[in-house]
Amino acid sequence: MNVKRIPIIIDTDPGIDDAVAIGVAVYHEALDVKLLTTVAGNVSVDKTTNNALKLVEFFGPDTPVAKGAGQPLCIPYEDASEIHGESGMDGYEFPAPKKNIHPEHAVNAIRETILTSEEKVTLVPIGPLTNIALFLALYPECKSRIERIVLMGGSASAGNHSPTAEYNILADPEAAKMVFASGLDITMVGLDVTNRATLTPDNVVEIRDLNETGKMLYSMFQHYRGGSLKTGLKMHDLCAIAYIVKPELFKTQKCFVDVETAGAYTAGTTIVDLMNRYQREPNATVCLDIDVEAFRAWAIECLAKAR
Ligand code: RIB
Ligand code: CA
């Protein structure tokens, strides 16, 4: 039976956990990855773009890659190379990519893809939200062609790049504020679930022995500092893909979410009003719990389908 595939655009800053998410997505039978767009995040946009090209060539499908914003909207750029290494994907020697990038800027490539898609498209940002904010500001008329936004970012509890802020939001708080205020159907897949969505040492060895993709990821996992090989590797970005194809893994709550942009210590913090303290209309579905064992089994099952 032909499963109707969900058309998605992944906005990404590869990034070792981004690589896992992209690998699972391009091979998943329920997803049609129509475009990858890159943004400055874990490493510079030149590096994230080069990494996205390497991943597309490694995984096979001829997914277009469009280069996006090299700077946040209003604040200085800050990378996360301490987590992913200088290249953003340390640990594996990919051949130099031969594929050319999409001729348009990411924002225009998103517009083109959305307008030519028969079905409404789901946006899946797994890096800072600069491209998405720019797209929504420049092309508000395209909102009607967007199914929903499922983003990895934020936290209803502690942060990871500051005591209260998660990296993707902290890297461009103004962009994140614009996205949460867009009125679109938004799901926030934040640290409340992604910090617990870890691959155990046994999972990592099992993945290594699966196939070429497993070998490649295993090599990069040795350099990934999102958690540790001993305590578990945090699959932040993979959770966004999991939410789209296996939402039953998650427990969620609809509530009002805004982003602090000005606090000396709190800029980049997602204000997740679970208590409805501010009596504001809910504007996001927030993931609060995850079935970790089922997530691990699902992740390995998906990666087994890769090359
Ligand atoms: O906080 C985790 C997020 O920051 C992930 O998207 C990871 O790739 C980094 O970008
Ligand atoms: Ca990322």
Problem - Output for the range 202-243, where each listed residue is away from ligand 2 (no atom under 16 Å from the Cβ) and under 15 Å from Val150 (Cβ atoms) - result: none
Completion exercise
Here, helices (runs of 4 or more DSSP H) confined to the range 103-192 with at least 2 residues that are over 22 Å from Ser81 (Cβ atoms) are 106-116, 130-138, 173-180
Exercise for the section: Working only within the range 261-276, note down all residues that are touching an Asp or Glu at 6+ places or on another chain (Cβ under 7 Å) and of a type in the set (A, V, I, L, M, F, W, C). Expected result: Ala267, Ile271
Practice task
Name the single residue, out of those in the range 152-206 being in contact with a Lys or Arg (Cβ under 8 Å, 6 or more places away or on another chain) and hydrophobic (A, V, I, L, M, F, W, C), that is nearest to ligand 1 (Cβ to nearest atom).
Solution key: Ala197
Practice task
May I ask you to list the residues in the range 72-86 that are at pLDDT 95 or above and either surrounded by 15 or more Cβ atoms within 10 Å (Cβ to Cβ) or not in a loop (DSSP other than H, G, I, E, B) (or both)?
Solution key: Pro72, Leu73, Ile75, Tyr77
Handout entry: Boolean, Phe250 is away from ligand 1 (no atom under 12 Å from the Cβ) and surrounded by 24 or more Cβ atoms within 10 Å (Cβ to Cβ)
Key = no
Practice task
Specify the residue that is farthest from the chain's Cα centre (by Cα); the eligible residues are those in the range 270-299 that are open to solvent by 20 Å² or more (accessible area, probe 1.4 Å) and touching a residue at least 60 places away in the same chain (Cβ under 8 Å).
Solution key: Leu274
Practice task
For residues that are out of contact with any helix residue (DSSP H, G or I) (no Cβ under 6 Å at 6 or more places or on another chain), of a type in the set (A, V, I, L, M, F, W, C) and either farther than 17 Å from Leu217 by Cα or within 15 Å of ligand 2 (Cβ to nearest atom) (or both), tally how many sit in the range 11-63.
Solution key: 3
Problem - Of residues in the range 87-109 being in contact with a Gly (Cβ under 9 Å, 6 or more places away or on another chain) and within 30 Å of Cys142 (Cβ to Cβ), the one surrounded by the fewest Cβ atoms within 10 Å (Cβ to Cβ) - result: His105
Exercise for the section: May I ask you to verify whether Pro76 is out of contact with any strand residue (DSSP E or B) (no Cβ under 7 Å at 6 or more places or on another chain), away from ligand 1 (no atom under 14 Å from the Cβ) and either farther than 22 Å from Phe180 by Cα or free of Cβ contacts under 8 Å to residues at least 12 places away in the same chain (or both)? Expected result: yes
Fill in the blank from the handout: When every residue in the range 212-235 that is touching a Leu at 6+ places or on another chain (Cβ under 8 Å) and open to solvent by 20 Å² or more (accessible area, probe 1.4 Å) is compared, the one farthest from Thr198 (Cα to Cα) is Gln222
Fill in the blank from the handout: Of the conditions (1) in contact (Cβ under 8 Å) with a residue 40 or more places away in the chain; (2) out of contact with any strand residue (DSSP E or B) (no Cβ under 6 Å at 6 or more places or on another chain); (3) over 15 Å from Asp13 (Cβ atoms), the single one that Glu118 does not satisfy is (1)
Exercise for the section: Please list, ordered by first then second residue, the pairs with beta carbon atoms under 8 Å, 6 or more apart or interchain, first in the range 126-152 and over 19 Å from Ile244 (Cα atoms) and within 13 Å of ligand 2 (Cβ to nearest atom), second assigned to a helix (DSSP H, G or I) and polar (S, T, N, Q). Expected result: Pro128/Asn168
Problem - Ala21 vs. criteria under 19 Å from Thr122 (Cβ atoms), under 16 Å from the mean Cα position of the chain (by Cα), surrounded by 24 or more Cβ atoms within 10 Å (Cβ to Cβ) and within 16 Å of ligand 1 (Cβ to nearest atom) - result: yes
Exercise for the section: Considering every residue within the range 32-51, establish whether at least one is open to solvent by 10 Å² or more (accessible area, probe 1.4 Å), under 22 Å from Lys215 (Cα atoms) and of a type in the set (A, V, I, L, M). Expected result: no
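The values are calculated or read from the model by the stated rules, or taken from the named source; none is laboratory data. What you are looking at is a predicted structure, and each value in this text was computed from that prediction instead of being measured. When we count neighbours, we look across all protein chains shown, and the Cβ atoms used for this are built from the backbone with ideal geometry, even at glycine. The protein model used for the area step is the full one, side chains on, heavy atoms only, and it has no ligands, DNA or RNA in it. Shrake-Rupley method; radii C 1.70, N 1.55, O 1.52, S 1.80 Å.
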